[in-house]
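A short write-up of the structure that comes next.
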Amino acid sequence: MGIRYNRDTHRATNGPMIFFSDPSAEIDLADEIRGAISSQLSFYAYRRPGDMMISFGSSEGYVDGIGVPGFVISPFDPTQSALTIPYSPSKDMIRSATIEAAIPKRSTTEKEHESEIALIQKKLLNYADGKIVAARVIVEEGGVDVGASFCNLCHRYPSAFVYAFSTPKSGCWIGASPELLLETSGNGISTMSLAGTRPAGTQNDWDEKNIEEQRIVTEYILHTLQSHGFEAVAERTYPKEAGSVEHICTPIVANTSTLLSCSRLQSLLTDLSPTPALCGRPKDIALATIREGEHFDRGFYGGFCGQFRASNDFNFYVNLRCSQVEAAKYALYVGGGITLKSIPYEEWEETEMKASTLKSCLILDSL
């Protein structure tokens, strides 16, 4: 499985290591993560939904784009390229000790969030069936123990994609995502439409606003897959729990008779991500409105991450329910879909619920 991390020589693992969810392995894993951070290595750790196996790897750098086997990290902005922490050393490796992606300087205020919603609803007057996601950032003081927090998230959210990664370009992130973006499945691919939010366990029917939100996402994903030559089918919808909240989830499967090459995959990902669940529809209007209305750069929030072995063997999840971590502070990123039916106070409360889900799992450094 490659070279184990050595605290004396501070070497990278040069390939993925496998841990299983038992106490002794978790102690080792947490130490691996802490060691990679202290040595300024690029690293990743992830646990797929329902799995007992955790993968960890570290590298002296990263490579641009998707193509070499490794852990892929892609930003929210579809005009910016993804990067990969490779499983093996590469001649194209980018090495740097300078972190490019800094945490925003301050939190979003409730007044700023309300103003963004007002701007979005003004834009949507010309797109009655549209939707745009309003995000906010919560900046907190304190150092996060990423290794211990990762293990805690694995315990608390067994049905989520739990992950942590760090590169000089992205900074360090940790999260527990309920949302699959795209993965290979049999002779095709699978994904999900995930939107709408309410407290977990709510017994009433979903309201019209949440149903509309989810319909917009489902239609967009189906149309995108079909435009790329896939025969896509939406399966039965169900409520999917994500901590203290639940969402409307529609699994989607798609088959194709044409080989899914690396270039075809990258083209599909560019059109698919970010979906309306993280961005909006119409996509160009949503992106422009987000840039205008938010005081911070989303960076890698709302992008995606996951393993890539080949163009027909990958698993990518949306980077949400996440925190960006620095030595003495951290930032929580949360958002919600806005339509003409949205009520600003309710949207603020929804983001509070989402933020509390992750914040309660983060373990701060004892020093």
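The values are calculated or read from the model by the stated rules, or taken from the named source; none is laboratory data. Everything numeric here is computed off the predicted structure, so don't read it as measured data. In this analysis, Cβ positions are derived from the backbone assuming ideal geometry, glycine residues included, and neighbour counts consider all displayed protein chains. When the accessible area is computed, the model is the full protein with side chains, heavy atoms only, and any ligands, DNA or RNA have been set aside. Shrake-Rupley method; radii C 1.70, N 1.55, O 1.52, S 1.80 Å.
Here is how the numbers come out for the structure above:
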read-out	value
Contour excess over end-to-end distance, with Cα ends at Ile18 and Thr237 and 0.36 nm allotted per residue	75.5 nm
Förster radius 22 Å - calculated FRET efficiency between Ala327 and Lys359 (Cβ-Cβ, nearest 0.05)	0.75
Mean Cβ neighbour count within 10 Å, used as a protection proxy, ranking 117-123, 134-140 highest first	134-140, 117-123
GluC sites (Glu not before Pro) restricted to DSSP loop in region 84-139 with at most 16 other C-beta within 10 Å	Glu100
For region 272-320, size of Cβ-based charge dipole, Lys and Arg +1, Asp and Glu -1, in debye	120
Entries of Lys131/Lys169; Lys123/Lys240; Lys240/Lys359; Lys123/Lys359; Lys122/Lys240 with Cα pairs more than 24 Å apart	Lys131/Lys169; Lys123/Lys240; Lys123/Lys359; Lys122/Lys240
Student exercise, region 305-360 dipole from Lys, Arg, Asp, Glu Cβ charges, in Debye to nearest 20	200
Spread of Cα-to-Cα distances over 5 Å intervals beginning at zero, given as percent, for region 16-159	2, 8, 13, 14, 16, 16, 13, 9, 7, 3, 1, 0
Amide H contacts of Ile338 (H built 1.01 Å from N, under 5 Å, at least 5 apart or other chain)	Ile132, Val133, Ala134
Under the Karplus curve 6.51 cos²θ - 1.76 cosθ + 1.60, θ = phi - 60°, whole-Hz ³J(HN,Hα) for region 108-114, x wherever Gly or Pro sits	6, 7, 5, 5, 5, 5, 5
Region 12-107 - charge dipole about Cα centre, Lys and Arg +1 at Cβ, Asp and Glu -1, debye rounded to 20	280
Point-to-point label distance, Asp284-Met53, nm (Cα→Cβ direction, 7 Å offset)	4.4
The chain - percent of accessible surface contributed by carbon and sulfur, probe 1.4 Å	51
Residues whose placed amide H lies under 5 Å from that of Phe161, excluding near-sequence neighbours	Ser177, Glu179
Heavy-atom accessible area per residue - the chain, 1.4 Å, Å²	42
Long-range amide H partners of Met17 with built H, under 5 Å	Phe56, Gly57
Whole-Å semi-axes of the ellipsoid equivalent to region 130-207 (Cα gyration tensor, √5λ, descending)	26, 20, 16
Relative contact order computed over the chain (Cα-Cα under 8 Å; 6+ residues apart), in percent	23
Cα gyration tensor, region 212-302 - rounded (a/c under 1.5), prolate or oblate	oblate
